[in-house]
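Just so you know, all these numbers are worked out from the coordinates, no wet-lab data involved. For clarity, every value in this text was computed on a predicted model and none was experimentally measured. Glycine also receives a Cβ, built like all others from the backbone with ideal geometry; neighbour counts cover every protein chain displayed.
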Amino acid sequence: MTRPIMVRISWAFLLPLTASLGCAAPGTEAGPQQVQRCEPVQRFLTEEFGMVAETERDTVDEWRTQKMLAGCRVTAAGGTQLGMADTAGLLYDRLFAAGWTRTPDPRDAPNESALRLRLDDTDCFFSVYSRIVIGTAAEMRVNRALMPGSGEARYNVLVQCVPAMAAAP
């Protein structure tokens, strides 16, 4: 198991991710069935971690396969008394315990707390970060709705999910 060992914001990594939010090619619009892919993730984040979360349709630039795919996104905000690296490690440990696995050829960034995981027929790209970074309306809403407890620092999780597929050859 590859566990994230540190959390740092990598603008080189997050900028392409944020640029893909809201970019849609013709015929890639996500429908209600795609939003349902994110329901287990949203439920996990709210029930296991007490996060405030929103699920939306999304068009995901799936760079492993070089395709734009209809999918969904969960934007979540939570509070933690742990450091960011420990919080990310705890999140991923619990996801693995719940049955999530690494995808084939994930091409993710474990040292930046970003992992691509699979559950059943869904691949999701999880990114754990601090501060408002993406600037979407959903990120603003979940951060406004979160009331961190005493001594807690705010952190965010962005998850983009698409149908499971093989990695590019």
*Distance from the Cα centre of region 85-104 to that of region 125-161, in angstrom?*
18
*Working out 0.36 nm times the residue gap between Met165 and Thr65, then minus their Cα-Cα distance, what length gain in nm do you get to one decimal?*
35.1 nm
*Near the amide H of Thr122, under 5 Å away, which other amide H atoms are found, from residues 5 or more places off or on another chain, if H is placed in the peptide plane?*
Ala164
*Step through the residues of region 85-98 one at a time and calculate ³J(HN,Hα) from phi using the Karplus curve (6.51 cos²θ - 1.76 cosθ + 1.60, θ = phi - 60°), rounding each to whole Hz and writing x for Gly and Pro.*
4, 5, 5, 5, x, 5, 4, 5, 4, 5, 4, 4, 5, 7
*Please report Phe96, Phe49 as a ranked list, fewest other C-beta atoms within 10 angstrom at the top and most at the bottom.*
Phe96, Phe49
*Taking 0.36 nm per intervening residue step and subtracting the Cα-Cα distance, what contour gain separates Arg131 from Met147 on full extension?*
4.3 nm
*Using the per-residue mean of other Cβ atoms lying within 10 Å as a proxy for protection, in what order, highest first, do the peptides 154-160, 120-126, 78-84 fall?*
154-160, 120-126, 78-84
*Put a dot 7 Å past each Cα toward the Cβ at Ala85 and Ala98; how far apart are the dots in nm?*
2.5
*Rounded to whole Hz and in sequence order, give me ³J(HN,Hα) for region 115-131 from the Karplus expression 6.51 cos²θ - 1.76 cosθ + 1.60, θ = phi - 60°, writing x for Gly and Pro.*
10, 9, 10, 10, 9, 6, 9, 10, 9, 10, 9, 9, 9, 9, 8, 10, 6
*Which of Ala76, Ala137, Ala88 sits closest to the plus end of the dipole of region 73-153, meaning its Cα is farthest towards the positive end, when Lys and Arg get +1 and Asp and Glu get -1 on the C-beta?*
Ala137
